[in-house]
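J.: I have a structure I would like to understand better, so I am pasting it below and will then ask my questions one at a time.
The values are calculated or read from the model by the stated rules, or taken from the named source; none is laboratory data. Source: prediction; values computed, not measured. Heads up, the Cβs are rebuilt from the backbone with ideal geometry, glycines too, and the neighbour counts pull from every protein chain shown.
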Amino acid sequence: MTKKIILFLLSGYMLMTLIQCQNQKKEPSNESKVITQDSIIKKGQYLVTTLGCNDCHSPKRMGAQGPELIPELMLSGFPSSIQMPPIPSEALKNGWSLFYPDLTAAVGPWGVSFAGNITPDETGIGTWSLEQFKIAITKGKFKGLENGRSLLPPMPSQNYAQMTDEDVTAIFTYLKSVPPVKNVVPTNIPPSPTK
């Protein structure tokens, strides 16, 4: 008889435990979370920061700890107000590729390339569609034009070729949210013919 009571009590306890588990509120999963514009922008900011977009696209000034971003020029590319210094041809002949001190311009066997303005100003990506941006970043095409020339080094488009649509959209959405900076970046300079 006592065995039956113990089994009955254990069965009742197990049943109550199962009912209690069923009644507990479930935490929302990642799939059920609502994706907001703010969360897309934050993801884009994270990607722009971790992928190093500021390294080349943001002008810098020398500070106590080395190059520092100039906040009001962030992501505006090579400043059109700067005149490039003479390029040391001996270094290029010896196989060197060089950066302008703020890293917004580079020179090498491809000639001189200038980091583009990727702010939402019309001199940057202000008039671009998401599709143009995707072509530029994942296919390495100038101005996001399918039949355009390839982007020049040091733009690492080959590293971004497999980027997901979600990541490209987040980056584009973030870039469209930053303050626009009017800055017409110079066109690339082809390599000098060898003598």
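J.: In the stretch 51-97, which residue that is closer than 19 Å to ALA136 by Cα and not hydrophobic (A, V, I, L, M, F, W, C) is surrounded by the most Cβ atoms within 10 Å (Cβ to Cβ)? Walk me through how you get there before you give the answer.
T.: Residues of the stretch 51-97 that are closer than 19 Å to ALA136 by Cα, as a first pass: 51-58, 75-78.
Among the residues that remain, those that are also not hydrophobic (A, V, I, L, M, F, W, C) are: 52, 54-55, 57-58, 76-77.
Values: GLY52: 11, ASN54: 16, ASP55: 15, HIS57: 25, SER58: 25, SER76: 28, GLY77: 25.
Out of the qualifying residues, it is SER76.
J.: Residue check, ILE135 against (1) in contact with a Lys or Arg (Cβ under 7 Å, 6 or more places away or on another chain); (2) part of a loop (DSSP other than H, G, I, E, B), all met but one. Which one?
T.: The number of the failed condition is (2).
J.: Residue by residue through the stretch 147-157, note down the ones that are touching a Gly at 6+ places or on another chain (Cβ under 7 Å) and loosely packed, with under 13 Cβ neighbours inside 10 Å.
T.: Within the stretch 147-157, just SER150 meets the criteria.
J.: Here's something else I'd like to know. Does LEU15 fit the bill of being surrounded by 10 or more Cβ atoms within 10 Å (Cβ to Cβ) and either among the charged types (D, E, K, R) or modelled with pLDDT of 85 or more (or both)? Walk me through how you get there before you give the answer.
T.: Values: surrounded by 10 or more Cβ atoms within 10 Å (Cβ to Cβ): yes; either among the charged types (D, E, K, R) or modelled with pLDDT of 85 or more (or both): no.
Criteria not met by LEU15.
J.: Ok, one more. Can you find, within the stretch 107-146, the residue that is surrounded by the most Cβ atoms within 10 Å (Cβ to Cβ) among those that are of a type in the set (D, E, K, R) and within 16 Å of ASP167 (Cα to Cα)?
T.: LYS134
J.: Conditions first: (1) at pLDDT below 90; (2) more than 21 Å from VAL184 (Cβ to Cβ). GLY108 passes all but one, so which condition is the exception?
T.: That leaves (1) as the condition not met.
J.: Taking the stretch 30-64 on its own, how many of its residues are farther than 16 Å from ASP167 by Cα, assigned to a loop (DSSP other than H, G, I, E, B) and either in contact with a Leu (Cβ under 9 Å, 6 or more places away or on another chain) or at pLDDT 95 or above (or both)? Let's see the steps before the verdict.
T.: First, the residues of the stretch 30-64 that are farther than 16 Å from ASP167 by Cα: 30-34, 54-64.
Narrowing further to those that are assigned to a loop (DSSP other than H, G, I, E, B): 33-34, 58-59, 64.
Okay, now just the ones that are also either in contact with a Leu (Cβ under 9 Å, 6 or more places away or on another chain) or at pLDDT 95 or above (or both), so 58-59.
The number of residues fulfilling the criteria is 2.
J.: Further, regarding this structure: What are the residue pairs meeting all of these: first residue in the stretch 55-75, first residue closer than 9 Å to ASP102 by Cβ, second residue of a type in the set (S, T, N, Q), Cβ atoms under 7 Å, and 6 or more apart or on different chains?
T.: From the stretch 55-75, the pairs are PRO59/SER76; PRO59/THR104.
J.: Please go through (1) modelled with pLDDT of 95 or more; (2) in contact with a strand residue (DSSP E or B) (Cβ under 7 Å, 6 or more places away or on another chain) for GLU122 and return the number of the only condition it doesn't satisfy.
T.: Condition (2) is where GLU122 drops out.
J.: OK, next. Please enumerate the residues belonging to the stretch 141-173 that are under 18 Å from PHE114 (Cβ atoms), over 14 Å from the mean Cα position of the chain (by Cα) and either assigned to a helix (DSSP H, G or I) or of a type outside the set (Ser, Thr, Tyr) (or both).
T.: Answer for the stretch 141-173, where residues must be under 18 Å from PHE114 (Cβ atoms), over 14 Å from the mean Cα position of the chain (by Cα) and either assigned to a helix (DSSP H, G or I) or of a type outside the set (Ser, Thr, Tyr) (or both): LYS141, PHE142, LYS143, GLY144, LEU145, GLY148, ARG149, LEU151, LEU152, PRO153, PRO154.
J.: Now for a different question. Does at least one position in the stretch 99-116 carry a residue that is more than 24 Å from the chain's Cα centre (by Cα) and over 25 Å from SER150 (Cα atoms)?
T.: The answer is no, given that none of the residues of the stretch 99-116 is more than 24 Å from the chain's Cα centre (by Cα) and over 25 Å from SER150 (Cα atoms).
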